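As structure tokens, the structure follows; a few thoughts come after it.
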Amino acid sequence: MKHPDVNIHASAIVDEPCQIGAGSSIWHFAHVRAGVRIGTHCNIGQGCYVGTDVQIGDRCKVQNGVSVYESVTLDDEVFCGPNCVFTNVINPRAAIERKDEFKATLVGRGATLGANSTILCGVTIGRWAMVGAGALVRDDVPDFALFVGVPAGRIGWVGIRGETLPPLLVGERYKCPVEGHVYLLESVSRLRLVTPEPPVRP
């Protein structure tokens with residue numbers, strides 16, 4: 001076995017060479033292309049597709065039916081809800097080859113992408129941000145932002161554990177009673193974590 005510490009279902013296809021970290025699982029009918037790097041303790045759900053040279057960090061959960069296309073990077077501890085959608089070209093046409101026009105998409109550490117959300121190529125989803133189910137994201141999402149709607153916009157802020165934070169004034173600090181982290185609203189569009197960020201669990 002090329003990946004002795006990885007659970008790969010018999011119906012899954014894993015093209016070589018690729019790197020899959022210990023403790024990860026590749027489930028029914030998933031397809032992992034050559035050149036992919038998947039970190040440790042990740043879960044790639046049923047019917048998922050992971051495109052060539054995609055990078056996925058540690059402890060990510062990619063739920064059923066998600067296609068992570070070439071040029072998408074998932075940082076550590078990213079959650080991709082069922083059937084969320086990535087794109088890699090802004091204006092695709094079946095009859096026109098545009099592989100040289102792929103735009104990079106980055107999903108920051110700890111971010112959550114809700115079920116059936118759509119992430120247009122070229123955007124960055126900030127660390128610990130949360131995108132609601134069914135949202136259409138066409139602009140960059142700040143760290144800790146809660147984005148919902150079509151097109152998606154910010155309606156609030158969330159903490160590291162996903163708790164919704166109360167409305168804050170610029171310059172105001174808030175200590176979340178659930179997780180203990182302290183946040184500072186530096187501007188109307190920027191929330192910063194004051195306390196140390198938790199380490200990625202081994």
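The values are calculated or read from the model by the stated rules, or taken from the named source; none is laboratory data. The structure presented is a predicted model; accordingly, all values stated were derived computationally and were not measured. FYI the Cβ positions are ideal-geometry reconstructions off the backbone, even for glycines, and counts take in every protein chain you see.
When residue 126 is tested against (1) small (Gly, Ala, Ser); (2) over 21 Å from residue 187 (Cβ atoms); (3) without any contact (Cβ under 8 Å) to a residue 24 or more places away in the chain, exactly one condition is not met: (2). Screening the range 75-97 for residues that are farther than 14 Å from residue 123 by Cα, outside any strand (DSSP E or B) and aliphatic (A, V, I, L, M) and picking the one that is nearest to the chain's Cα centre (by Cα) gives 78. For the range 121-128, state whether one or more residues are at negative phi, of a type outside the set (A, V, I, L, M) and in contact with a Cys (Cβ under 9 Å, 6 or more places away or on another chain). No. Filtering the range 108-125 to residues that are in contact with a Pro (Cβ under 8 Å, 6 or more places away or on another chain) and under 14 Å from residue 72 (Cα atoms) leaves nothing. Residues in the range 10-32 that are farther than 23 Å from residue 77 by Cβ and either touching a residue at least 60 places away in the same chain (Cβ under 8 Å) or assigned to a loop (DSSP other than H, G, I, E, B) (or both): 10, 11, 15, 16, 17, 28, 29.
Each residue in the range 94-127 was checked for being farther than 12 Å from residue 141 by Cβ, modelled with pLDDT of 95 or more and among the charged types (D, E, K, R), and 1 of them qualify. Here residue 100 fulfils each of the conditions (1) assigned to a loop (DSSP other than H, G, I, E, B); (2) over 25 Å from residue 146 (Cβ atoms) apart from (1).
A single member of 36, 14, 72 is surrounded by 19 or more Cβ atoms within 10 Å (Cβ to Cβ), under 29 Å from residue 100 (Cα atoms) and under 13 Å from the mean Cα position of the chain (by Cα), and it is 72.
Of the residues screened, residue 42 is one that is within 18 Å of the chain's Cα centre (by Cα) and surrounded by 19 or more Cβ atoms within 10 Å (Cβ to Cβ). Could you tell me which residue of the range 153-181 is nearest to residue 128 (Cα to Cα), considering only residues that are in contact (Cβ under 8 Å) with a residue 12 or more places away in the chain and exposed (fewer than 13 other Cβ atoms within 10 Å of the Cβ)? It comes out as 164. Listed by position, the strands (runs of 3 or more DSSP E) contained in the range 116-202 that have at least 2 residues being under 21 Å from the mean Cα position of the chain (by Cα) and basic (Lys, Arg) are 190-193. Per this entry, residue 86 is counted among residues that are in contact with a Phe, Trp or Tyr (Cβ under 6 Å, 6 or more places away or on another chain), at pLDDT 95 or above and either acidic (Asp, Glu) or crowded, with 21+ Cβ neighbours inside 10 Å (or both).
A single member of 12, 34 is modelled with pLDDT of 95 or more, in contact with a Pro (Cβ under 9 Å, 6 or more places away or on another chain) and hydrophobic (A, V, I, L, M, F, W, C), and it is 34.
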